[in-house]
Structure formats: structure tokens, C-alpha cells
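Taking it in order: structure first as C-alpha cells, then the write-up.
The values are calculated or read from the model by the stated rules, or taken from the named source; none is laboratory data. Since we're looking at a predicted model, the values are computed, not measured. Ideal geometry is used to build each Cβ from the backbone, glycine not excepted, and the neighbour counts take in all protein chains shown. Heavy atoms of the whole protein, side chains included, go into the accessibility calculation; ligands, DNA and RNA do not. Shrake-Rupley method; radii C 1.70, N 1.55, O 1.52, S 1.80 Å.
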Amino acid sequence: MVKDGIFYAIGFGIAAGLLWFLTGAWLLVSLPIILALFFLWFFRDPPRTIPSGPGLIVSPADGVVTEAEWVETKNGSRLRISIFLNVFNVHVNRVPVSGTVRLVEYRKGQFMNAMDRDAATMNEQTLVVIDNGDYEVSFKQVAGLLARRIVCRLKVGDVVERGQRMGMIKFGSRVDVLLPADADLRVGKGTHVAGGSSILAIVPSTAEAAMPLTRAVVA
């Protein structure tokens, strides 16, 4: 569990105790208790089975794929996958590919509906670029209507592993992933994915020489 959930739960637990002491009314006390339980559940951080093998790019977030399309960038055509997280999804984010962090850029912005196409450019967000050595993968943590805080624990120069925890977005949002143009997509619009364990794509140049996939559990 993310420690934030414990802090929220303690706060609402204290509020419930004060309400009981002052009013003795179970109806009033029940609301902060329910909220405390909700936050304990919302900030859950279950272990994930991380696929291992050359060229694999995994999902950085839980949710459903809402877009899988070509986009033009200053570095040429890229494949973009957009993943929408609702309030019921696990909100801990994970690194999609092993490598070295080359860029971490926070941008202030709006809090539009994360399903809106303009949210990727207009909303508050954190952009991370990871250099795998053979290719780059970038992804954005994008705020939404309810998401008002983006947590990114990465910094430039960090060496990261595929599936490693890197932060979270609080209370529903989206994550966009930009893949190399030659990546072989393994998901499409409507696919439900799990952060760290669902394979989004395989880069053919390394996948051609891939050994059978193995899986390791990351706690």
C-alpha cells in the first residue's frame, strides 16, 4: 500500500472518533469511516508479474486503452497509446522499459476530462523519456477532472528497470506512451491493461532474437 493511503485513513479515523465523542451519532461517524476504508483501498499497491525478454514494452498504468494511433513528433512518426484510469483502477505507475532516464519535465496546465483528445497537450502533466540504448520510450502522466496531483519519483540520470514503480496519479486520469515507429503493437483500443505486467508492444529488432519469455514477480 502507498503510505498516503494510511495517512488519509488515519485522518478520517480521527475525524470519526471526534464525531463519536461530540455527537454519539453513528450516522455521522459512518461517513469518515467509509472514506477511511476507501482510501486504504484506493492506495493499494499489489505486486505484479513483470515479463522479461528483449524488446518488451509494458504498460505504465492500469486501465483501458482509449487510443492506439500514429502521431507526428519533432523526431518523426511515433505510435501513441493512451490509457485511461478510472477511480477504481490501481493508480501506482510503473516504468515501461529498462534504461536511463533522459528527461523529466513537469508542465502546469488545465484539468480537462482525461478522455478529451486535447487533454494530452492542455492538462497538467509530467513527461518522462527513457533511453533503452537501442530506442527511446516516452510517457506522460496526465491529470484529469479529479486527478489534482501527479507524483513522479524519477530524476534525470536514474537507471531504471522495466516494471519498476515510479509514482502515481491521484484519483483518475490517463497515461500516454510514445513508442518507436517500428514497434509491434500487442494491444488495441478497448484493451484492459495492468501496469508493469501487460505487454504494450515488442520492438522487432530485438524481438526477432528473443528467447522464450519468462516472468518474474516484482513485489
Exercise. What nm distance separates the two modelled labels at residue 192 and residue 103, each placed 7 Å from Cα along Cα→Cβ?
Worked result: 3.4 nm
Exercise. Length gain on complete extension for the stretch residue 69 to residue 10, per 0.36 nm per residue less the alpha carbon to alpha carbon distance?
Worked result: 16.9 nm
For this session: Please give every one of the lysines within straight-line cross-link reach of residue 189, meaning a C-alpha to C-alpha distance under 26 Å, and leave out same-chain neighbours fewer than 8 residues apart.
Result: 74, 140, 170
Exercise. Once the whole set of protein chains is in place, how much accessible area is left on residue 73, using a 1.4 Å probe, in Å² to the nearest 10?
Worked result: 50 Å²
Exercise. To the nearest 10 Å², what's residue 72's accessible area with a 1.4 Å probe?
Worked result: 140 Å²
Problem set entry | Accessible-area order (highest first, 1.4 angstrom probe) of the listed residues 91, 192 | 192, 91
Seminar exercise, completed: Other residues with Cβ under 12 Å from the Cβ of residue 141 give, with Lys and Arg +1 and Asp and Glu -1, a net charge of +4
For this session: Would you calculate the separation in nanometres between label points at residue 134 and residue 159, each defined as 7 Å from the Cα along the Cα-to-beta-carbon direction?
Result: 1.9 nm
Exercise. Ordering 131, 182 by how much accessible area each has at a 1.4 Å probe, largest first, what is the list?
Worked result: 182, 131
Exercise. Taking all protein chains as present, what is the carbon and sulfur share of the accessible area of segment 38-112, in % to the nearest whole number, probe 1.4 Å?
Worked result: 57 percent
Exercise. Taking the Cβ of residue 165 as the center, what net charge do the other residues with Cβ under 12 Å away carry, scoring Lys and Arg +1 and Asp and Glu -1?
Worked result: +2
Exercise. Which order do 162, 153 take when ranked by solvent-accessible area (1.4 Å probe, heavy atoms of all protein chains), largest first?
Worked result: 153, 162
Exercise. Can you run phi through the Karplus equation (6.51, -1.76, 1.60; θ = phi - 60°) for segment 52-67 and list ³J(HN,Hα) in whole Hz, with x for Gly and Pro?
Worked result: 10, x, x, x, 7, 10, 9, 5, x, 8, 7, x, 10, 6, 9, 9
